[in-house]
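> This is the structure I want to talk about, given as structure tokens.
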Ligand code: GCU
């Protein structure tokens, strides 16, 4: 009896540790594979069957195959956005043309989303924008969601503080599931605002939890999912969207609302994200073709890493803590990655011929840097069809040796993070 109790407590402890670690870093499950010699032998699904000539293959890609591949990702991984119309209204809350000591023009808006299906419900997303001061016509921008509210990206005291629920992170000033004053600027190292502005780009950000709270507890009763529910529906259908698809959809709502107001040029918006938000940026870029460039920073499993390598995080690891990021059907592929009709090189191929940048970090084995590189390399096949050849290195490039062509890749020395070094390379590539 005592031994049983001990075993149960150890299991529970392991579970809690893993669940916590899945919030960001930490202990990893014992079955994680980090030895290349133990990985399964795999064959990647073909992105496209080639025709007689490259022109015929490209034609096939554009006319049918691209849509088929996209539909496979919707059905088996991220889920479909249900049909139905949503109305969106962008209200300007604040506008200061002398922000950041005159370096920037700062805008703050609220994007309100509502649907005729759910007349009592409105989702409000606070959007923050910085543009180079006096830049005149709309400049190209980077758009990315943030983890703990707009006020974390810079110490600028005028940034409105998010009032939304967020995961606790006392070290960053998030206490009792709410942001406190302490959180101002807490993520500034991830958002080198001045550098972005000085390079002539604007920056748009919003808190991802205002689109859909990142938690199992809410069981899809909050955020944008319910806007689409039929009467009596309480959660998405098996092949309908999880949280990643909701965050990506939210990014597209922000992009299109800003484009409509002529604040951004519709196709000059680069979508960027780190970690789970890197997965989100990739799906947004694949699904919504108006994004002109896509940056995946340490996106790992469900992002740029090849599922079939089974290195680092795998589907059966990601499902217990955050399975709701995906459609429910994705669970079928736990321990069965090779049954997936796609792999992540095909997700990256969906970005072609637009600019794509994939980045990894040396101490981020959980995200499988090599799997991310190999996916990018395999996606190059579709870029070639567009006449954009990438002379990619045979092997994973050494740390801090970026390689760029139509697809950019670098392996930064250091941990799972997004740093000014990474941003500098994204700005060079843009
Ligand atoms: C966990 C999770 C990853 C995810 C990361 C994050 O580590 O396992 O898949 O990318 O959290 O988003 O921070």
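A short reminder: the numbers here are calculations on the coordinates, not readings from a lab. None of the values given here were measured: they were computed from a predicted structure. Positions of Cβ are backbone-derived with ideal geometry, glycine not excepted, and every protein chain shown enters the neighbour counts.
> Any chance you could run the full-extension gain for residue 230 through residue 394? It's 0.36 nm times the residue separation minus the Cα-Cα distance, nm to one decimal.
54.0 nm
> Need one word for region 219-356: rounded, prolate or oblate. Basis is the Cα gyration tensor (sqrt eigenvalues a ≥ b ≥ c); a/c below 1.5 gives rounded, then a/b vs b/c decides.
It is oblate, given that a/c is not under 1.5 and a/b is not larger than b/c.
> Continuing with the same structure: Set the Förster distance to 56 Å, then compute FRET efficiency between residue 46 and residue 124 from the Cβ-Cβ distance, nearest 0.05. Walk me through the numbers on the way to the answer.
On the way: r = 44 Å, r/R0 = 0.78.
E(calc), rounded to 0.05, equals 0.80.
> Here's something else I'd like to know. On a full-extension model of 0.36 nm per residue, what is the gain between residue 137 and residue 195, subtracting their alpha-carbon distance, rounded to one decimal in nm?
18.9 nm
> Another question about this same structure. Would you work out the relative contact order for region 223-318, in percent, from Cα pairs under 8 angstrom that are 6 or more residues apart?
That works out to 20 percent.
> Let me know the shape class of the chain, please: from the alpha-carbon gyration tensor, a ≥ b ≥ c as square roots of the eigenvalues, rounded when a/c is under 1.5, otherwise prolate if a/b is greater than b/c, or oblate.
Cα axes put the chain in the rounded bin.
> Among 325, 249, 165, which one shows the highest mean-square fluctuation when the chain is modelled as a Gaussian network with alpha-carbon springs under 10 Å?
165
> Per 0.36 nm of contour for each residue apart, how much would the distance between residue 112 and residue 239 grow if the chain were fully extended, relative to their Cα-Cα spacing? Display every interim value, and only then the final one.
Values: separation 127, 0.36 × 127 = 45.72 nm, distance 2.64 nm.
Length gained between residue 112 and residue 239: 43.1 nm.
> In percent, what relative contact order does the chain have, based on Cα pairs under 8 Å that are 6 or more apart in sequence?
Taking the mean separation of contacting Cα pairs over the length of the chain, I get 16 percent.
> Let me ask another. Among 203-216, 44-57, how do they line up from the highest to the lowest mean number of other beta-carbon atoms within 10 Å?
Values: 203-216: 23.2, 44-57: 13.6.
The densest-packed peptide leads the list: 203-216, 44-57.
> Using a 10 angstrom cutoff on alpha carbons, build the Gaussian network for the chain and name the most mobile of 292, 323, 278.
Result for the chain, Cα springs under 10 Å: 323 fluctuates most.
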